[in-house]
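Novice: One structure, as structure tokens, below. Some questions next.
Read-outs throughout are calculated quantities, based only on the coordinates presented, and are distinct from any laboratory measurement. Owing to the predicted nature of the structure, the values given are computational and were not obtained by experimental measurement. No Cβ is skipped: glycine too gets one built from the backbone with ideal geometry, and neighbour counts run over all protein chains shown.
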Amino acid sequence: MSSYPIRSTPGDTAWFRAARFGMFIHWGLYALPARHEWVKTNEKISEEKYDQYFRHFDPDLYDAREWAKAAKAAGMKYAVLTTKHHEGFCMFDSQFTDYKCTNTPAGRDLVKEFVDAFRAEGLRVGFYYSLIDWHHPHFPIDIYHPRRDDPDAFEQNRGRDMKIYAQYMRDQVRELLTNYGKIDILWFDWSYPDQHGGPGREWMRGKGRNEWESDQLIALARELQPGIIIDNRADVEQDLWTPEQYQVTEWVRHRETGELVTWEACQTFSGSWGYHRDESTWKSPEMLIRMLVNTVSCGGNLLMNVGPTARGEFDYRAKASLQVFADWMHGNSRAIYNCTMAEPDLLPSLPRDCRFTQSEDGSRLYIHLFAYPFGQLLLPGLAGKVEYAQFLHDGSEILMTEGKVDHFSEGAARGDGLLVLNLPAVKPAVTVPVVELFLK
Ligand code: GLC
């Protein structure tokens with residue numbers, strides 16, 4: 001069996017681990033400047049100037065059904081949309097602010113359309129909700145705030161009341177978890193309780209569970225949507241650990257107990273979450289597929305981000321990247337869904353340049369060939385344990401021999417327990433080819 005004991009948490013995470021692959025969507029006013037979702041603070045843009053994006057937000061090409069179809073075709077099983085990012089702009093029709101899409105030329109509830117469309121395609125839906133808010137008048141100025149370097153920042157900060165803001169968040173989370181049916185994931189973002197402005201600016205305090213009043217916020221979410229999955233970024237441990245923008249090398253463990261946890265890596269196609277017109281570090285097809293495989297081989301999920309344009313579409317580069325997943329998942333999704341880290345004792349020494357995943361029931365082992373080897377793949381310890389082997393994408397048999405490669409074999413190419421897979425000389429036309437082993 002390859003199902004591992006995982007730290008138990010309040011939310012319903014079983015479906016999530018089986019799903020393995022989701023779409024993150026960062027969409028907001030920052031799609032207009034198109035130079036990172038942090039543009040307001042990176043460039044310390046004034047409210048007045050940022051307002052032009054509010055006045056011009058007109059996503060006339062937005063068709064959530066197209067997004068949902070693209071996500072589904074890419075093999076994604078769920079999606080998480082920014083309902084509000086750090087800029088504070090709401091993509092839904094909130095009663096508690098005027099700073100929302102229904103008051104822009106968009107004129108409609110964009111979250112609602114997202115929920116309806118993704119659900120119609122059979123995908124689960126999640127809401128990202130930013131704890132940080134660079135628009136709300138009661139959000140105290142801190143080191144990340146666009147007004148941090150204003151000469152009168154201290155004066156501007158006076159009278160800002162975090163309690164009022166914390167109540168505002170509860171009001172909005174109540175709306176989000178009441179008005180849109182069943183919501184599967186709530187993705188809070190993020191906390192920095194220990195950071196402050198440094199010498200002379202200690203009053204710029206960081207924010208964490210006390211400031212957000214996270215316990216109340218989470219209790220409310222659980223009351224409204226009992227099974228919902230909540231991430232850990234409200235500075236209170238919940239269901240989901242969220243390593244961001246790096247590749248893990250082993251299953252994420254609980255820092256104190258060492259238990260395996262439910263985790264989800266989030267990654268971008270290029271170097272920005274929001275639509276970034278001029279950013280050019282787009283990941284190659286190989287890198288994209290390897291990220292997904294590597295994640296699942298360490299027992300995690302991948303949440304792959306798309307930053308739609310101001311007109312409301314995925315741009316051509318995002319579409320091409322999604323197509324990479326669609327093509328690969330078409331033939332190889334069996335090595336992803338319901339799969340996890342392979343049993344460690346099955347493979348005493350792993351061949352180079354590969355990753356392994358294994359079906360939850362333990363019956364199938366998948367070898368993902370990151371670099372295509374010449375001729376044979378040597379699997380020490382697996383002789384006698386494999387009933388049949390094939391390439392996954394086309395179901396073509398892979399011949400196996402045991403004990404040695406051939407008459408001339410030396411060293412590691414010979415030995416008891418050695419299983420030899422005889423691969424074709426030419427790499428199949430698949431970004432990362434997968435060998436499927438049916439275990440006895
Ligand atoms: C970070 C960033 C943010 C992005 C998020 C995604 O915390 O602040 O812009 O939304 O990561 O994980």
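Novice: Using +1 on the beta carbon of Lys and Arg, -1 on that of Asp and Glu, and nothing else charged, what's the dipole of the chain about the Cα centre, debye to 20? Working shown, then result.
Specialist: Details: 49 positive and 62 negative charges, 85 e Å.
Here the size comes out at about 400 debye.
Novice: Something else: Starting from the Cα-Cα distance between Lys319 and Glu360, subtract it from 0.36 nm times their residue separation and give me the gain in nm to one decimal. It would help to have the intermediate numbers written out before the result.
Specialist: Details: separation 41, 0.36 × 41 = 14.76 nm, distance 3.12 nm.
Gain on extension, Lys319 to Glu360, equals 11.6 nm.
Novice: While we're on this one: Could you list Met76, Met329 so that the one with the fewest beta carbons within 10 Å of its beta carbon is first and the one with the most is last?
Specialist: On the way: Met76 28, Met329 20.
If I rank by nearby Cβ atoms, fewest first, I get Met329, Met76.
Novice: Give me Rg/Rg_expected for the range 215-324, where Rg uses Cα atoms only and Rg_expected = 2.2 N^0.38 Å with N residues. Walk me through the intermediate numbers first.
Specialist: Details: Rg = 16.4 Å, N = 110, 2.2 N^0.38 = 13.1 Å.
That works out to 1.25 for the range 215-324.
Novice: Let me ask another. Three principal axis extents, largest first, for the C-alpha atoms of the range 180-264, in Å?
Specialist: Dimensions of the range 180-264 along the principal axes of its Cα atoms: 45, 36, 24 Å.
Novice: Between the range 385-406 and the range 49-109, how far is it from one alpha carbon centroid to the other, in angstrom?
Specialist: Value for the Cα centre distance between the two parts: 49 Å.
Novice: Using only C-alpha atoms and all pairs of different ones, pull out the Kirkwood radius for the range 59-200 in Å with one decimal. Write down the numbers at each step before the final one.
Specialist: Working: mean 1/r = 0.0600 Å⁻¹.
Taking the inverse mean of 1/r over all distinct Cα pairs, the range 59-200 comes out at 16.7 Å.
Novice: How big is D, in µm² s⁻¹, for the range 14-338 by Stokes-Einstein at 4 °C and 1.567 mPa s if Rh is the Kirkwood radius over C-alpha pairs? All intermediate terms of the calculation are to be shown ahead of the outcome.
Specialist: On the way: Rh = 20.2 Å.
For the chosen part, D equals 64 µm²/s.
Novice: Given Cα positions, please report Rg to Rh for the range 158-212, the hydrodynamic radius being the Kirkwood one. Before the final figure, lay out each step's value.
Specialist: Working: Rg = 14.7 Å, Rh = 13.3 Å.
Over the Cα atoms of the range 158-212, Rg/Rh equals 1.10.
Novice: What lysines could a cross-link reach from Lys440, if we take a straight Cα to Cα line under 26 Å and drop same-chain neighbours fewer than 8 places away?
Specialist: Leaving aside lysines fewer than 8 places away in the same chain, those within reach of Lys440 are Lys385, Lys404.
Novice: How long, wide and thick is the range 1-98, going by the Cα atoms along their three principal axes, in whole angstroms, largest first?
Specialist: 59, 30, 29
Novice: Right, here's the next one. Can you tell me the dipole magnitude for the range 347-439 around its Cα centre, using point charges on the Cβ only (Lys, Arg +1; Asp, Glu -1), in Debye to the nearest 20?
Specialist: Numbers: 7 positive and 11 negative charges, 52 e Å.
So the magnitude is around 240 debye.
Novice: Please name which of Gln216, His196, Tyr246 has its Cα lying farthest along the dipole of the chain towards the positive end, using unit charges on Cβ (Lys, Arg +1; Asp, Glu -1) and the Cα centre as origin.
Specialist: Value computed over the given set: Tyr246.
Novice: A further question follows. Would you mind getting me the FRET efficiency between Asp51 and Gln247? Use the beta-carbon distance for r and R0 = 56 Å, nearest 0.05.
Specialist: That pair, Asp51 with Gln247, gives E of 0.90.
Novice: Taking every DSSP beta bridge with both residues inside the chain, roughly what % is antiparallel (nearest 5)? Each step should come with its number before you reach the end.
Specialist: Details: 33 of 65 bridges.
Bridges in the chain that DSSP calls antiparallel: roughly 50 percent.
Novice: Tell me which lysines have Cα within less than 21 Å of Lys182's Cα, excluding those fewer than 8 residues away on the same chain?
Specialist: Correct list for Lys182: Lys69, Lys72, Lys77, Lys84, Lys112.
Novice: Would you please name the GluC sites (Glu not before Pro) within the range 182-213 that are DSSP coil residues with at most 16 other C-beta atoms within 10 Å of their C-beta?
Specialist: Sites meeting the loop and neighbour criteria: Glu202.
Novice: Cα gyration tensor of the range 315-413, axes a ≥ b ≥ c as square roots of the eigenvalues: rounded (a/c below 1.5), prolate (a/b > b/c) or oblate? Each step should come with its number before you reach the end.
Specialist: Working: a/c = 2.24, a/b = 1.73, b/c = 1.29.
Prolate, because a/c is 1.5 or more and a/b exceeds b/c.
Novice: Separate question: What does the highest-first list of 109-115, 86-92, 217-223 look like by mean Cβ count within 10 Å? Before the final figure, lay out each step's value.
Specialist: Numbers: 109-115: 22.0, 86-92: 25.3, 217-223: 17.9.
Taking the mean over residues of other Cβ atoms within 10 Å, the ranking is 86-92, 109-115, 217-223.
Novice: Another one. Can you list the residues, at least 5 places off or on another chain, whose amide H is less than 5 Å from the amide H of Phe269, using H built in the peptide plane?
Specialist: Result for Phe269 returns Asn305.
Novice: Residue farthest toward the positive end of the dipole of the chain, with Cβ of Lys/Arg at +1 and Asp/Glu at -1: which of Thr83, Leu437, Gln267?
Specialist: Comparing the listed Cα positions along the dipole, Leu437 ranks first.
Novice: Restricting to DSSP H runs of at least four residues, report the calculated mean residue ellipticity at 222 nm for the chain, -39500 (n - 2.57) per run over all residues, nearest 500 deg cm²/dmol.
Specialist: One gets -7000 deg cm²/dmol as the mean residue ellipticity at 222 nm.
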